[in-house]
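Worksheet: one structure, shown below.
Read-outs: derived from the displayed coordinates by stated rules, not from any lab. All values derive from a computational prediction rather than experimental measurement. Cβ: placed from backbone, ideal geometry, glycine included. Neighbour counts: every protein chain shown.
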């Protein structure tokens, strides 16, 4: 079965942010997540979705409005409910763009927390999209780059050094890591290999040196 390309967007009263994500990514399917708090607010959300669905149909994209009933629960509870939804979408997708600009902040934050708590194999398929609401800026990032990775203290020190040398535009080998951190060369080599395996460092075979990846910045 061919995996689909999906856009999952938070939606409020303004469909423009989801519409731009739809236009730029041209997914196979769009899921618009919206909080239900009362009938008056929901009617405005429904009108926004009607415009979004009309445009999606013109692109040949199926669109579905997903109602999230909000009962005043804590963010952690709402995030848990959203996690189950996002997990089901990610399981069926080859790539999932998570567009988190439209809609109430509560929904946006809970959706981001939910996405970051998914299994690593699913997070690897996801792209986070954010837009500036008062200025024309769009930021997209592989969600895996924002995920915190558990490391032992020595590995985290090595990672900190790799981030430092990346900012200097350099690569380092086990010898320099050993000398600068005061650890055995064998330990430096082992930790460097571990960081490569975790996607936090990359290795250049020609120079036999290492540097940090973009994913390392939130983990150093």
Discussion item. I'd like the orientation of helix 153-167 relative to the chain: the angle between its Cα long axis and the longest Cα principal axis, in ° from 0 to 90, rounded to 10.
Written reply: 80
Worksheet item: Do the sum for the chain: with -39,500 (n - 2.57) for every DSSP H run of n ≥ 4, divided by all residues, what is the mean residue ellipticity at 222 nm, to the nearest 500 deg cm²/dmol?
Response: -14000 deg cm²/dmol
Worksheet item: Relative contact order for the chain using alpha-carbon pairs under 8 Å, separation at least 6, rounded to a whole percent?
Response: 17
Worksheet item: Mean separation of Cα pairs under 8 Å and 6+ residues apart, divided by the residue count of region 153-216: what relative contact order is that in percent?
Response: 37
Worksheet, complete the sentence: What one gets for the chain as the Kirkwood radius, inverse of mean 1/r over different Cα pairs in Å, is 19.3
Fill in: region 134-213 - Kirkwood radius from inverse mean 1/r over Cα pairs (Å)
13.5
Worksheet item: What share of the DSSP beta bridges in the chain is antiparallel, in percent to the nearest 5?
Response: 30
Worksheet item: Under a plain spin-label model, where a point goes 7 Å from the Cα along Cα-to-Cβ, how far apart in nm are residue 214 and residue 4?
Response: 2.7
